[in-house]
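J.: Handing you this structure, nothing more for now.
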Amino acid sequence: MMEPDNTLVQRAQAGDRAAFELLVRRTSRLVYARLYVEVGDTHHAEDLLQETLLTAFRTLKQLQNPDKFRAWLLRIAQNVVIDAARRDGRKKRTPVLALHQSEPTTPEPSEILEREETKQQVLAILRTLPDEYRLPLVLRHIVGADYETIQTQMGLTNGALRGLLHRGMEHLRVAMHEALGEDYI
Amino acid sequence: MGDAMNDHEWLHENLDAYLAGGLDLDERVRAEAHLAACADCGHLHQNAKGLETYMANLFADARPDSALEDRVVARLRSAPVRRAGWLRFVAAAAAMIVVGLLGGIVQAVALEGGVPFLKLERSMTLRNHLTPLRTDAQTTFSRVGSTIGGKAKEVVIDEHAIKGADNKALDFDKDIQYGVNRIEDVSVPGALKPSEALGFQGGDKQAPPVNGPMQQGLGLAGGGGFGKPGKLTPPRSEVTKGFFNELNGRIDPHDLYNITVRPDSGKKQLGASYFYGVTPIFNIPPKKSDGRQVPKNQEAKDKEKEGLKNNLALGKKKGIQPEPEPDPGLKIIRTGEIEFQVESFDDAVARVVKLIGAVKGGFKLKEDSSKQTNGKTRGFVVVRMPPQFLDQFVLDLRRELAKMGADLRTQKIGSQDVTKQYTDTASELRAARAVEGRLIEIIKTGKGEVKDLIAAERELGTWRIKIEKMEGEIRYYNNQVSLSTLTIQLVEKEIEAASALVVNSTVQMRIETEDVSKARKAAEKAVADFKGRLIKSDEKQHAAGQIEAILHADIPPANKDAFKQALTKLGIVSASQAMQAQTTQGGSGRVLKLTPQVKDVRFEVTLMNIVNIMPKYSVTLDLATADVSANFVKLKDEILRLQGQVRTATKNEANPEKVTAQLSFNVPKEHKAALDKLLAEVGPVLKREASQATVTDVATDQKFGYAVNLYSVAVIAPRETVTMHIEVTDVDAIAAEMLAMARTSKGQASKVKSKIDPQGRRSAKLVMRVPLAASDALVKQFMAQGKIIDKDQTPNPQIPENELSTAHLVVELTGGDPIVPRDEGMSGYMRRSIYLGYTILVVIMTFVLTGLIVLVPCGFFAWVGYKIFGSSVFRCTPRRK
């Protein structure tokens, strides 16, 4: 029987590192998904994931309601992304908007360029969706998680996830159809 | 149909779950069945699948591998653990306080040589502890003193001990150590061992026997003592009961007390002559509720000692059997060695035998003695007795032997714990016995082959030997433990009287005579006349014509003075010295009444003619003279005329201007006045040093020694130096005029220098040497020549003032207005500009430095603050959206 998340959170808050590690295993793909949507780069996302978890670990005691661990964690991730963007902006003296990969300086084959463009488009679409729909989709299609993993990462029951997945897909299909036409199939 | 309709809707909603693998087996079957049946749904399915593949292709490189979690956790583990913000703040604050305190302490130490508040605290703590103790001790002892001896003569609180405690009290770790040290400190003067002092058994060889109530009082410490405050054994008499109650009521269970009863050796009265002291053994702060502070090994020893002492006090004084050992399993061998110096060996042995006879279970084991070359006996007696009587026996023995005038040399009482060896051997023995029994059984039953039986027999033999050996050991231990061994070394005191007293006299004389040979002959004749014995008679003539004779003779004591009288007639006795030495022969101690044996007087006479002897008084003179050479010759001639003796005469003419000469000579006493007159004519005395030959030197006052140094006047330093700086109109003319003036006053110029400086000004420097008498007049004349800028007149007090004294005149002349005025032209501008630039630079530097001094610490603290709080407070808390 799997230990519920909220007791794990309580244990971690009491200083149990193992409990926290378990929580990390249950949420890191979710956070990763969230971060990837924002930054669009694997390595960058993983670095930010690390930073998010570290921050979470340090400030875990500030979390009042253990049931809202995931929401809290995602909020930290959001802050981390903002901080990182600000940092990068400072470093490069470029506007904050330059969140995503800077354009390659060397000429690339047009196919790759196009693909990259599509990717950004899809990510932009995903970013427009509400969090609750977006995350299962990202987990499913970008992170490549199976149903059970998504369930664990989201901390949802099977039924709840089905609904979210279905409605999320509906949104995505419509949005993709609008943006890319029929050629994505 | 409705079912199919339902299926259709259901699939619509669950198609994505189906694709993701989120359906269980039944649902999957249902979904697949419907997909096969419904073309619409099939199309939808194809679309969804297509999207899936599309996305998978598009984001193939975005998919994290399966090790993502492991990687994340591993990196999390290696990340440094940072404390919570408030904790870090507290830590930082504490660190700041520590740094501040450190700075304060450093400053205090540097400025005041100590940490004032710390000192105060320490002395206060101690005083709080000491004051009640002191009053307690005082009242207790006056009361106890009155109970025992009528009245206490004095109550002495050992301030020194308290001070000692003061010094050590801060060092908490050493408290225990200190307690033990104090036990050693309070041991009775006269070499009582600490173990005895612990027992509080007064007993010095000079002290009266301790008995009656006193002894009871001493017994009390058996259970009290140190390390167990508040657990004093019940008192055994009314007197000590009082003492006890006093103490029990006042003993602070947190403090350790060491109670000493010390006999005051100066007073012989019983009772009134005891010194009591309570030495608190400090224990600050109280560490445990039971107040036990003694280290474990020490505790064990105490237990042992206490047990023994209890036994002793009860067994000896109450006449009852000693209590059994506190731990019957404990096997302790007590042995002692004690050495006395005695008047008579046999008497001492008799006393020892008598004493050991009185001890229950005690006996003399061995006696050994040998006669030494000095006729005295030394040896030892070995006695054995039950261990509980050992201490008392040693005390008795010391007291008894002290009565006989014996001195205690060394005392050593030791104990050896053999419990382990004993129990080891005992258990080995038990095991061996078991084996033996088993072997016997084997042999008895007689089973097995013959050779086995023989082997068993052999085995039995070796085991029996082992058993015998172990039984022997056990017996030995029991013997050693049940009886203590005390070896008493006795050495007779030596005869130390001397056997003879010899008086040797020597007379040394030195006689000055005109004819040494004649005098020697006369002296030899005198020796014969006075029945003396001539030992040596030498005569020798030195290169300078001095004759010296040495004569040694032994003269009977009766004729000593007459012989001496005869010698004085030979010439002038310049030295006479008599020595008498009295030596004892044999022995090393007191000299008994002996008739001194007076030996012949040895005369050692030196005869000399007067030339050989140096004058007793001599004088060294430095004379200044105008003509060294002439006076040198004149002096030499005069000395010879006056029957003087020239020792050295040198003249140095290396520099014709500065001729010097040295003359060293003697003149007979009667001609001294004539010579002094001549010396006064030669010239003024610069320096005079009179000296006298030391008393031990061979010297005569018949002649007078001189060492005269003649100096040319030119060599002598000036009496006065006058430096003048004069501004004149025409430098060259005035310089020439001044030189002319100096020459007319019999002076001479030693240096003339003139120059023209860059401004076109002339200057000159004149150095002149003029007679002192003329110097004032010249200076005045010079000053009249122009405007005085400065003048400096320095007399040299070491040079005497006489007609040959000189003055040194240094005149600096500077011309009037230079071609270019001093403060004009380019140089003035440049100087002012540089000065202005410098001023501005200094001002700016000052501002910059001040700013830095203010800003650097502020910036530093701001940076530290950001480091401490910045990252945690501003970034760790998630922002609310």
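Throughout, read-outs are computed from the coordinates displayed, never taken from laboratory work. Note that the coordinates shown come from a computational prediction; the quantities given were computed from them, not determined experimentally. Here Cβ is always computed from backbone atoms with ideal geometry, including for glycine, and neighbour counts include all displayed protein chains.
J.: With θ taken as phi - 60° and the coefficients 6.51, -1.76 and 1.60, list the Karplus ³J(HN,Hα) couplings across the range B:36-48 in order, rounded to whole Hz; mark glycine and proline as x.
T.: Each residue's phi maps through the Karplus curve to give 5, 7, 9, 5, 4, 5, x, 4, 4, 4, 4, 4, 4 Hz.
J.: Still on this model: Compute and list, largest first, the equivalent-ellipsoid semi-axes of chain A from the alpha carbon gyration tensor, each √(5λ) rounded to a whole angstrom.
T.: 31, 23, 12
J.: Return the subset of B:525/B:560; B:525/B:599; B:616/B:703; B:560/B:599 for which the Cα-Cα distance in this structure is over 19 Å, preserving the input order.
T.: The answer is B:525/B:599.
J.: Would you kindly calculate the translational diffusion coefficient of the range B:363-499, applying Stokes-Einstein with the Kirkwood radius from alpha carbon pairs, for 4 °C and a viscosity of 1.567 mPa s, and quote it in µm² s⁻¹ without decimals?
T.: Stokes-Einstein gives a translational diffusion coefficient of 66 µm²/s.
J.: What is the ratio of the Cα radius of gyration of the range B:2-62 to 2.2 N^0.38 Å, where N is its residue count, to two decimals?
T.: On the way: Rg = 12.7 Å, N = 61, 2.2 N^0.38 = 10.5 Å.
The reported ratio for this selection is 1.21.
J.: With the crude spin-label approximation of a point 7 Å out along Cα→Cβ, what separation in nm comes out for residue B:372 versus residue B:630?
T.: Label at residue B:372, label at residue B:630, 8.9 nm between them.
J.: So, counting K/R as plus one and D/E as minus one, what does the shell of residues with Cβ under 12 Å around residue B:505 add up to?
T.: My count for the surroundings of residue B:505 gives 0.
J.: Please determine, in degrees from 0 to 90 and to the nearest 10, the orientation of helix A:158-180 with respect to the longest principal axis defined by the Cα atoms of chain A, where the helix direction is its Cα long axis.
T.: Taking Cα atoms only, the helix is inclined about 20 degrees.
J.: Find the eigenvalues of the gyration tensor of the Cα atoms of the range B:671-755, then list the square roots of 5 times those eigenvalues as equivalent ellipsoid semi-axes, largest first, in whole angstrom. Mind showing how you got there, number by number?
T.: Details: eigenvalues 467, 44, 16 Å².
The equivalent ellipsoid of the range B:671-755 has semi-axes of 48, 15, 9 Å.
J.: Counting residues in the range B:500-611 as N, plug N into 2.2 N^0.38 Å and put the Cα Rg over that result.
T.: 1.25
J.: Using +1 at the C-beta of Lys and Arg and -1 at the C-beta of Asp and Glu, which of B:53, B:31, B:11 has the Cα lying farthest in the positive direction of the dipole of the range B:2-62?
T.: Value: B:53.
J.: If you don't mind, another one. Residue separation times 0.36 nm, minus the C-alpha to C-alpha distance between residue B:493 and residue B:506: what's the value?
T.: Contour length minus the Cα-Cα distance gives 0.9 nm.
J.: How far, in nm, would the chain grow between residue B:440 and residue B:531 when pulled straight, counting 0.36 nm per residue and subtracting the alpha carbon separation?
T.: Length gained between residue B:440 and residue B:531: 22.2 nm.
J.: How fast does the range A:1-99 diffuse by Stokes-Einstein, in µm²/s, taking the Kirkwood radius from C-alpha pairs at 4 °C and 1.567 mPa s?
T.: Answer, rounded: 92 µm²/s.
J.: For the range B:446-572, what log10 I(q)/I(0) values come out of the Debye formula at q = 0.14, 0.16 1/Å, with one point per alpha carbon and no solvent?
T.: Each listed q corresponds, in turn, to -0.81, -0.91.
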